[in-house]
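All remarks here apply to the structure that follows.
A short reminder: the numbers here are calculations on the coordinates, not readings from a lab. Predicted, not measured: the structure shown is a model, and the values here were computed from it. Positions of Cβ are generated from backbone atoms using ideal geometry, with glycine treated the same way; all protein chains shown enter the neighbour counts.
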Amino acid sequence: SPEFVRRLRGMFAFALWDAKERRLVLGRDRLGIKPLFIHETKGGQIRFGSEMKAILACGDVPKDVDLGALDGYLAQNYVASPSTLLTSVRQIEPGEILIRSEREMAVKRAMAPMALVAATVSRIVPVA
């Protein structure tokens, strides 16, 4: 079960092949420190890598620029996940897992994103 991710600590991105269930499980740490990029081909294949250039090395990935992401990058020097500068490539979001089987693809929130954790922690009131 992909629920093991909740017990992981530290910074990570992973890809696991579950041979018994015949599914691919991709995941990213809750802080989003380690990136994980994905591209789904027209034939339904999933390509992934910790750098976008690993996906682009396949040679047949469309390179259409995401103008909204470009605007964000020019304004903030940053592209917020799940967007990337290419419309055909996206990021797994922090704390998220993607499960891909022959029949379906599901994206689940495995861990609370750090912004939510920080908001929760900021509400703790010290006891006098």
Response to the item:
Descending packing, highest mean Cβ count within 10 Å first, for 80-88, 52-60 is 80-88, 52-60
Fill in: Cross-link partners of Lys34 among lysines (Cα-Cα below 18 Å; sequence separation of 8 or more within a chain)
Lys53, Lys108
Item to complete: Run down the aspartates and glutamates and flag those whose C-alpha is under 20 Å from the C-alpha of Lys63, throwing out any fewer than 8 positions away in its chain.
Response: Glu40, Glu51, Asp71
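Would you mind classifying region 41-110 by shape? Square roots of the alpha carbon gyration tensor eigenvalues, ordered a ≥ b ≥ c; an a/c under 1.5 is rounded, otherwise it is prolate if a/b is larger than b/c and oblate if not.
Working: a/c = 2.20, a/b = 1.32, b/c = 1.67.
Oblate, because a/c is 1.5 or more while a/b does not exceed b/c.
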